[in-house]
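In what follows, a structure is listed as structure tokens, so that the remarks can point back to it.
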Amino acid sequence: MEAKANGQGGAGRRSAEAVRGRVAISRRQARGRMPSGAANPIDVHVGNRVRLRRTLLGMSQEKLGAALGLTFQQVQKYERGANRIGASRLFDLSRVLDVKIGWFFEDMSPEVAAAGPSVMSQASEDPLLPEPEEGTLARRETLGLIRFLEIMSPDKRQVIEAMINNFAASRP
């Protein structure tokens, strides 16, 4: 009777739950799940590395959770790869477990690495853009240009952007 007073009958409630279930599945897939609904192998690998380091330090899930402000159940989900670890959480984990962030990705098999989002992004690449040279962003002149653009006024940046776009458009 109370559900009807709120404007929701039993059938309405079931359809809302069914809709929520469909939305949850699509959100999960969009957040890195495999099409089958299984956890992404990269997330599982990172979780296994968290577990490895935690056990090497003799730390319990409860103690790690307390250091991160989490419950031990959340730590379990991270370690299984059931929940993805965000960038800020990975940073916190690296500090608590006393490892560099890259350590979590070491010893990854080529098969696991191939399950990454780079496979999906290949379909959306612009065929007109050339492949950047390896290490382009790490080159001294690229970093100098970025630093220069950061201190420049917005109107001057727009002029330079337009000039670069014109140059790129006139390229054979």
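We did not get these values from a lab; they are worked out from the coordinates using the rules stated. Owing to the predicted nature of the structure, the values given are computational and were not obtained by experimental measurement. A quick note on method: Cβ atoms are made from the backbone with ideal geometry, for glycine too, and the neighbour counts reach across all protein chains shown.
Taking the Cα centre of region 41-118 as origin and assigning +1 to Lys and Arg Cβ atoms and -1 to Asp and Glu Cβ atoms, the resulting dipole is close to 200 debye. At full extension, residue 162 and residue 98 could sit 18.5 nm farther apart than now, given 0.36 nm per residue minus the alpha carbon distance.
At a 10 angstrom cut-off on C-beta neighbours, averaged per residue, how do the peptides 60-66, 87-93, 40-46, 157-163 rank from highest to lowest? Write down the numbers at each step before the final one.
Values: 60-66: 16.4, 87-93: 14.3, 40-46: 19.6, 157-163: 11.4.
The peptides rank, most packed first, as 40-46, 60-66, 87-93, 157-163.
Label positions at residue 113 and residue 151, each projected 7 Å from the Cα along the C-beta direction, are separated by 3.8 nm.
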